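This report refers to the structure that appears directly beneath it.
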Amino acid sequence: MNIVEVCNKKTVPDVFGQEIRGNIRETGIGGIEEVLTSEVYRFEGISSRDELTRIAGEILVDAVAQDYFTGDSNVERRNGYTVVDVFYRKGVTDAVSDTVVIAMRDAGIRTGVSVSTGRRYYLKGNITDGDVRTICEKVLVNPLIQEYALVQRKGKNE
Amino acid sequence: MNRRALEISVVGACDGTLLEISEKNLLALNLGEMKAIRDYFSKAGRNPTDCEIETIAQTWSEHCCHKIFRAEIEYEEKIGEQCHREKITLLKEIKRATEKMNSGLCVSVFKDNAGIIRFDDSHGLAFKVETHNHPSALEPYGGAGTGTGGVIRDVLGAGKGARPVLNTDVFCFGVQDVSYEELPKGVLHPRRIFRGVVSGVRDYGNRMGIPTASGAIVFDREYQNNSLVFCGTVGVIPLAQVEKSVEQNDFIVLIGGKTGRDGIHGATFSSISLDASISTSVVQIGNPIVEKKMMDVLMTARDEGLYNFITDCGAGGLSSAVGEMGSDTGAIVNLEKVPLKYEQLYPWEIWISESQERMVLSVPERKIKRLLDLFASEDVEATVIGRFVKTGRLKLSYENDVVCDIDMDFLHKGIPKQRLSAQFSAGRKGAAERRRVPKITGWKEAVLKILASPNVASRETVIRQYDHEVQARTVVKPLTGMEGKGPSDAAVMKLFYDGYRGFAVGCGLNPFYGKIDPYHMAGCCIEEALRNLVAVGADPCQAAILDNFCWGDVNGKKELGTLVRCVRGCRDFAVQYGLPFISGKDSLNNFFIDEETGVKTSIPGTLLISAVGIVPDVRLSMTSDFKESGNFLYVCGKTRREMGGSEYNRVFGISGGDVPEAVPPEAMFLMKKLHFCIGGGIIKACHDCSDGGLAVALMEMAMGGGRGAEVFIDRIVSDDVAVETLLFSESQGRFVVEVDAESAGRFEKIMGGAVIANVGRVSDDREVWVFHGGEKLFSLDVEEAGNVWRSGLQW
């Protein structure tokens, strides 16, 4: 499985991340200093890094405002953050992934590929494991349709 | 995987087993209904398949069949010493009101996906408002988005298809400052629901290229566990395209999105209470781009006359759509032909899935090729899945296996009629305690506190997220004034670019009145919706309304009694105002059971009245912002001490009081005259008095115009001299009107016989001065008031 991550360039404010930070504060958790967000695309059926780079560059990224990363290179770059991935549960309609598949077909890049889309959250601050769980369950995830995975854990209980 | 239909053993089953089958399969069928199914299949000499029993459950669901509204109800009402008994069927009462009026405005009512009224000699307006409450409570973004998508398809499926030109949105949420600890398991925080719902409506409506320009939001603690989401759409349709009928041997063509497991049991799920154990499959996620493409190609197909009938694939999925279309003929469907999102769906899942962005067409053989070619050329799915045949049966097959074969008559007429009892009792009018003004620091502070109340505060944070101008038809927008700082009473749309005829859309909603008396809530909602239209220039004699009833657990006699009383109010007041109901929808069982404590909570009985009215000339449409200093201000209509359920009482924690009562003859007399004045260009600004009373209406006009005013409230015609009555009573039938000095004499002459009072003037000093008994009561800086008003609703 191959991953493409798309996030704002450093010079572009992450407004969604700021909103999430505010939402976290409303739950009573005060240790969050920064929240950064990115879109994550998981591809099944593509193994070539060149092909992935082409898909990212031609379809997924707005080159003026965004950067893209393949694999976990962005997570490695941001090693001071707790990182959470949120994806739809299996069977829930993922309209964005449908659009990506159509776009790949229309661009003549690839057919027969399965894509799932999600969001990656980078949480900076002194937060406990319990805080992370609360943030996921009350702010980041609707457990009815989504599931989350802890990609990287940094903070109090490290 | 074996994808054949399974047999469900109902023949010979005892009552307990029947109920168990209903509950286990989320069928939401009661014992009487399960027995009817058992008897039907006993006669057929076999058990039903899963596909058959699911088909019946969808068709007989509260959502599709409106069982409570069709039930025969023994109603008993006691007001003080007065007792009244009658047998009533709610749906008949609503329809009877419309029939009684026999309005020439109505083109198609209560028989299609949306009500249709006459706009001009060649076009009609289709209007529908749907609820999407349960889905939005569970997944606010997806639930509200698909609510919008669904109601757009309702309008696309009205007649042979109306082109959507306006969306509306009305929400009821829990209070935003509740702590997380107070929330039961499985309930999302009201702030999260609020943001998710607004985002869902925004993203779907904006991507469809349809303006969202009219709406309302109510906050109350009792909506915490069951929020309400009403999505509406208005469309324009050539009158020649209103009539439609399925013809024998027509092809059944499924268009739009593919089918998956999403939304399975949506129709039956809306018939049961919420708790923490809901399955993922009931949630629907929309894809507006698919619907936008479908909408565009559909309009071409309609104009080319390529199909005989169209309907939305909404609650109950193909089961409801094909079942209803083929009710007079019969239908054969090959389920394996339905395009799927993924494999491994059971036949019954394909049949009842509520996957979004799908519609069903009935296409004559000679036009099928052209239709399929047209859809293919626009990259929109269109698949022949069966035919309408004159058999009177619904026959479904999956890969050569027959998975359903039932009689259309049984499906549509076999449901046992419910017989229910309902009671309503209340004290005599005026018997409620009349508590006077609480100790507040001053009238200025009272006004500011009410302006900051979430139920009165500016909706700008929400409005600005919607594209309310796309299509370039919006004449009166949600915010008004040179700087867009005041609220509009209703949206005005100009329909065609080569004419000035337009229409206005507004609404009336006040569940707080209903907590005291649902009958008068109905009167107030109907009148408020009409007042909103009149205030922007619509003709009160060319308007129509839609009802949306959202109620709690109507299995109890008392709660059902409040619903009956509300319906009686709708019937009586609609007739008195001459407003035909053209469409409606009920959403019942909006209650929540806390899994941990077992405590049940219900929403307050909620009635939304949406109104659409003709604006003869949009160039003369009216806005609420003050226009020019020196102009006179009139309060039109009589003020009564009616503080029950008012914003003032709620903000200051005052209980009791009489709920406002609409007075139709008085109000209609006034509104007709006001409309005449607006049409004559005499009036410069007009605003209706509703939530927060005169004080709020005045401040909103001042904020919109960026001007102040001098107002002498003791000149107001009122049955009470108390300051709080004059400032904050929410008596119906009232407007604040700005008239220039030159036209004042003419205005007063035209308004002769109506209750009006010249109460002061517009001023240039950006301060509203209020006087009482010759003394200054308070003054309030317009800028300060605006800041408070705009900060009351946090995003």
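Each residue of segment A:35-48 was assigned a 3J(HN,Hα) from its phi angle through the Karplus curve 6.51 cos²θ - 1.76 cosθ + 1.60 (θ = phi - 60°); the sequence is 10, 10, 10, 8, 8, 10, 10, 9, 10, 10, x, 10, 10, 7 Hz, with glycine and proline shown as x.
The stretch between residue B:418 and residue B:42, if pulled fully straight at 0.36 nm per residue, gains 133.1 nm over its current Cα-Cα span.
Each of B:19, B:30, B:41 was placed along the dipole of segment B:15-69 (beta-carbon charges, centred on the mean Cα), and the one lying farthest toward the positive end is B:41. Our estimate of slack between residue B:303 and residue B:469, defined as 0.36 nm per intervening residue step minus the Cα-Cα distance, is 57.2 nm.
Sorting B:541, B:51 by the number of Cβ atoms found within 10 Å of their own Cβ, with the fewest placed first, yields B:541, B:51. Centre-to-centre separation between the Cα atoms of segment B:651-696 and those of segment A:63-132: 53 Å.
Stretching residue B:498 away from residue B:199 to a fully extended chain increases their span by 104.2 nm, per 0.36 nm per residue minus the current alpha-carbon distance.
Here segment B:1-94 is treated with +1 on each Lys and Arg Cβ and -1 on each Asp and Glu Cβ, and its dipole about the Cα centre works out to around 440 debye.
Rounded to the nearest Hz, the phi-derived 3J(HN,Hα) couplings of segment A:148-154 under the Karplus curve 6.51 cos²θ - 1.76 cosθ + 1.60 (θ = phi - 60°) are 10, 9, 7, 8, 8, 10, 9, where x marks glycine and proline. Site pair residue B:781 and residue A:151 shows an inter-label distance of 4.9 nm when each label is modelled 7 Å from Cα along Cα→Cβ. Remark on segment B:356-415: ratio of C-alpha radius of gyration to 2.2 N^0.38 Å is 1.42. If you take all other residues with their beta carbon under 12 Å from the beta carbon of residue B:639, and give Lys and Arg +1 and Asp and Glu -1, the sum is -1.
Averaged over the residues of B:245-254, the number of partner chain Cβ atoms lying within 10 Å of the residue Cβ comes to 0.
If you average 1/r over every pair of different alpha-carbon atoms in segment B:128-182 and take one over that average, what Kirkwood value in Å do you get? Before the final figure, lay out each step's value.
On the way: mean 1/r = 0.0776 Å⁻¹.
Value: 12.9 Å, from the Cα pair sum.
Counting other Cβ atoms within 10 Å as a rough exposure proxy, the listed residues B:583, A:116, B:22, B:9 run B:9, A:116, B:22, B:583 from fewest neighbours to most. Using a cutoff of 8 angstrom between alpha carbon atoms and counting only pairs six or more residues apart, the relative contact order for segment B:15-69 works out to 29 percent.
Scoring A:71-78, B:161-168, B:406-413 by mean Cβ neighbours within 10 Å over their residues and listing the highest first yields B:161-168, B:406-413, A:71-78. The angle between the Cα long axis of helix A:15-26 and the longest principal axis of the Cα atoms of chain A comes to about 30 degrees, rounded to the nearest 10.
Counting only other chain Cβ atoms within 10 Å of each residue's Cβ, the peptide A:87-97 averages 5. How far is the Cα center of segment B:447-470 from the Cα center of segment A:1-33, in Å? With segment B:447-470 and segment A:1-33 each reduced to a Cα centre, they are spaced 27 Å. Using a simple spin-label model with pseudo-atoms 7 Å out from Cα toward Cβ, residue A:44 and residue A:126 lie 4.3 nm apart.
Spin-label model, residue B:461 to residue A:96: label points 7 Å out along the Cα-to-beta-carbon direction sit 2.4 nm apart. Straight Cα distances below 20 angstrom link residue B:35 to the aspartates and glutamates B:7, B:15, B:20, B:23, B:50, B:52, B:54, B:62, B:72, B:405, B:407, B:409, with same-chain residues fewer than 8 positions distant left out.
When every alpha-carbon pair in segment A:1-107 is counted, what percent end up more than 18 Å apart?
Working: 3191 of 5671 pairs.
Of the Cα pairs, 56 percent sit more than 18 Å apart.
Just to verify a number: FRET efficiency for residue B:289 and residue B:741, C-beta to C-beta distance, R0 = 41 Å, to 0.05? Working shown, then result.
Numbers: r = 55 Å, r/R0 = 1.33.
The computed FRET efficiency comes out at 0.15.
Relative contact order of chain B, taken over Cα pairs closer than 8 Å and 6 or more residues apart, is 14 percent.
log₁₀ I(q)/I(0) of chain B at q = 0.11 Å⁻¹, via Debye over equal Cα point scatterers, no solvent, to two decimals? Log-scaled intensity ratios, in q order: -1.20. Extents of the protein assembly as shown, taken as max minus min of Cα coordinates on every principal axis and listed largest first, are 85, 70, 60 Å. If R0 is 51 Å, the Cβ-Cβ spacing of residue B:402 and residue B:596 corresponds to a FRET efficiency of close to 0.65.
Under 8 Å for C-alpha pairs, at least 6 residues apart: give me the relative contact order for chain A, rounded to a whole percent.
On the way: 262 pairs, mean separation 52.1, N = 158.
About 33 percent, as a whole number.
When only alpha carbons are used to place a centre, segment B:289-311 and segment B:733-753 end up 48 Å from one another.
With a Förster radius of 22 Å applied to the beta-carbon distance between residue B:84 and residue B:575, the computed FRET efficiency rounds to 0.75.
Phi angles across segment B:369-384 convert, under the Karplus curve 6.51 cos²θ - 1.76 cosθ + 1.60 with θ = phi - 60°, into 3J(HN,Hα) values of 5, 4, 5, 5, 5, 4, 5, 5, 5, 9, 6, 10, 4, 8, 9, 6 Hz, Gly and Pro given as x. Among the GluC sites (Glu not before Pro) found in segment B:660-701, not one is both in a DSSP coil and sparsely packed, with 10 or fewer other Cβ atoms within 10 Å of its Cβ.
Highest mean packing comes first when the peptides B:626-636, B:602-612, B:370-380, B:333-343 are listed by Cβ atoms within 10 Å, giving B:602-612, B:626-636, B:333-343, B:370-380.
All of the numbers you see were taken from the coordinates with simple rules; none came from a lab. All of these numbers come straight from a predicted model, not from anything done at the bench. When we count neighbours, we look across all protein chains shown, and the Cβ atoms used for this are built from the backbone with ideal geometry, even at glycine.
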